[in-house]
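The values are calculated or read from the model by the stated rules, or taken from the named source; none is laboratory data. All values derive from a computational prediction rather than experimental measurement. Because the Cβ atoms are built from the backbone with ideal geometry, glycine has one as well, and the counts that use them run over all protein chains shown.
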Ligand SMILES: Cc1cc2nc3c(=O)[nH]c(=O)nc-3n(C[C@H](O)[C@H](O)[C@H](O)COP(=O)(O)OP(=O)(O)OC[C@H]3O[C@@H](n4cnc5c(N)ncnc54)[C@H](O)[C@@H]3O)c2cc1C
């Protein structure tokens, strides 16, 4: 039986796993639909929990884990709500857990992806959009991609995100549920009235708003009409 592990998706989870398997000497290949490593330079911040940091420490070579820690921003002290004039409306203090290690580590999503990709140049295959898999009688699995190519291995892992195509085939009954809530966020430099940036470097400012989606309103309407 083939021993190669195939991972669909070069996101945070897929790349961390690939690093760990490579460190353990296991033959691994990752298949990512993006054309290049920098195709999706989006997203701003990810908070890595203490469990996540431990997983990264175990999976990454020591130099890369050090680089990850070095790229981290200072942990949040509080969450602030500001009005359009940056006047503070509300502050939630982020109380430290009993152990300092329980603090979350804030990192740039893009930097983390770059660190996770390091050393995997011969492992990650870009422009490979997974379509379906088939299981062979010999126990191996064959992955089919949109460009007509295939890859064969002993194990296929779906790390292709919340709308996973692997999961859709393996567990067709598992569906995502519309919660009726949409969050929109972004980042912008904080600039004073005089045009200078606050602080010695650019400060990320991430406004977020929550919108009640139409589908929820419709469901609420239909419920109330039944009552
Ligand atoms: C606004 C926002 C804020 C968040 N903040 C946090 C946070 O602070 N801390 C935290 O832990 N989590 C946070 N999350 C959740 C976090 O982003 C996800 O849990 C995490 O990215 C999941 O990683 P993943 O590797 O499973 O999937 P993803 O990171 O989504 O990666 C999936 C990869 O699979 C690829 N792919 C998809 N389909 C295919 C296909 N058919 N063929 C090949 N490749 C494919 C995609 O291109 C992508 O590269 C946040 C999420 C959002 C939306």
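Any idea which of (1) under 17 Å from the mean Cα position of the chain (by Cα); (2) surrounded by fewer than 16 Cβ atoms within 10 Å (Cβ to Cβ) is the one residue 86 doesn't satisfy?
Going through (1) under 17 Å from the mean Cα position of the chain (by Cα); (2) surrounded by fewer than 16 Cβ atoms within 10 Å (Cβ to Cβ) one by one, residue 86 breaks only (1).
State the number of residues belonging to the range 1-22 that are part of a loop (DSSP other than H, G, I, E, B) and within 17 Å of residue 121 (Cα to Cα).
First pass over the range 1-22, keeping only residues part of a loop (DSSP other than H, G, I, E, B): 1-4, 9-11.
Narrowing further to those that are within 17 Å of residue 121 (Cα to Cα): 4, 9-11.
Looking only at that region, the number is 4.
Looking only at the range 82-117, count every residue that is part of a strand (DSSP E or B) and modelled with pLDDT of 85 or more and tell me the total. Give the steps one after another, and end with the answer.
Keep residues of the range 82-117 that are part of a strand (DSSP E or B), which gives 82, 88-93, 105-108.
Filter once more, so that each one left must be modelled with pLDDT of 85 or more: 88-91, 105-108.
Going through the range 82-117 one residue at a time, the tally reaches 8.
So, in the range 1-16, how many residues would count as being out of contact with any strand residue (DSSP E or B) (no Cβ under 6 Å at 6 or more places or on another chain) and within 16 Å of the ligand (Cβ to nearest atom)?
Counting residues in the range 1-16 that are out of contact with any strand residue (DSSP E or B) (no Cβ under 6 Å at 6 or more places or on another chain) and within 16 Å of the ligand (Cβ to nearest atom) gives 6.
What's the total number of residues in the range 35-52 that are in contact with a helix residue (DSSP H, G or I) (Cβ under 9 Å, 6 or more places away or on another chain) and either near the ligand (Cβ under 8 Å from one of its atoms) or assigned to a loop (DSSP other than H, G, I, E, B) (or both)? Lay out the reasoning, then the answer.
Initial filter on the range 35-52 (in contact with a helix residue (DSSP H, G or I) (Cβ under 9 Å, 6 or more places away or on another chain)): 37-38, 40-46, 48-50, 52.
Still in the running and either near the ligand (Cβ under 8 Å from one of its atoms) or assigned to a loop (DSSP other than H, G, I, E, B) (or both): 37-38, 40-46, 48-49, 52.
So the count comes out to 12.
What are the residue pairs meeting all of these: first residue in the range 10-36, first residue under 14 Å from residue 61 (Cβ atoms), second residue within 12 Å of the ligand (Cβ to nearest atom), Cβ atoms under 6 Å, and 6 or more apart or on different chains?
Listed by first residue and then by second, the contacts come to 15/116; 18/7; 18/30.
Within the range 23-34, is there a residue that is touching a strand residue (DSSP E or B) at 6+ places or on another chain (Cβ under 9 Å), in a loop (DSSP other than H, G, I, E, B) and away from the ligand (no atom under 15 Å from the Cβ)? Explain how you work it out, then say what you get.
First, the residues of the range 23-34 that are touching a strand residue (DSSP E or B) at 6+ places or on another chain (Cβ under 9 Å): 26-33.
Next, from what is left, pick out any that are in a loop (DSSP other than H, G, I, E, B): 26-27, 32-33.
Filter once more, keeping what is away from the ligand (no atom under 15 Å from the Cβ): 26-27.
Yes.
Being free of Cβ contacts under 8 Å to residues at least 12 places away in the same chain and more than 18 Å from residue 6 (Cα to Cα) is the requirement here; does residue 87 meet it? Outline the logic, then answer.
Values: free of Cβ contacts under 8 Å to residues at least 12 places away in the same chain: yes; more than 18 Å from residue 6 (Cα to Cα): yes.
When the stated conditions are applied, residue 87 passes them.
I'd like the residue in the range 56-80 that is under 13 Å from residue 112 (Cβ atoms) and touching a strand residue (DSSP E or B) at 6+ places or on another chain (Cβ under 9 Å) and, out of all such residues, is surrounded by the fewest Cβ atoms within 10 Å (Cβ to Cβ). Explain how you work it out, then say what you get.
First, pick out the residues of the range 56-80 that are under 13 Å from residue 112 (Cβ atoms): 56, 59-60, 64-65, 67-73.
From what is left, the residues that are touching a strand residue (DSSP E or B) at 6+ places or on another chain (Cβ under 9 Å) are 56, 68-69, 71-73.
Values: 56: 23, 68: 20, 69: 14, 71: 15, 72: 17, 73: 12.
Among those that are under 13 Å from residue 112 (Cβ atoms) and touching a strand residue (DSSP E or B) at 6+ places or on another chain (Cβ under 9 Å), it is 73.
With the structure loaded, tell me whether residue 55 is without any contact (Cβ under 8 Å) to a residue 40 or more places away in the chain and either more than 30 Å from residue 151 (Cα to Cα) or within 12 Å of the ligand (Cβ to nearest atom) (or both) or whether it fails that test. If you could, list the steps in order and put the result at the bottom.
On the way: without any contact (Cβ under 8 Å) to a residue 40 or more places away in the chain: yes; either more than 30 Å from residue 151 (Cα to Cα) or within 12 Å of the ligand (Cβ to nearest atom) (or both): yes.
Answer is yes for this residue.
Checking residue 127 against (1) touching a strand residue (DSSP E or B) at 6+ places or on another chain (Cβ under 6 Å); (2) part of a loop (DSSP other than H, G, I, E, B), only one condition comes out false. Which one?
(1)
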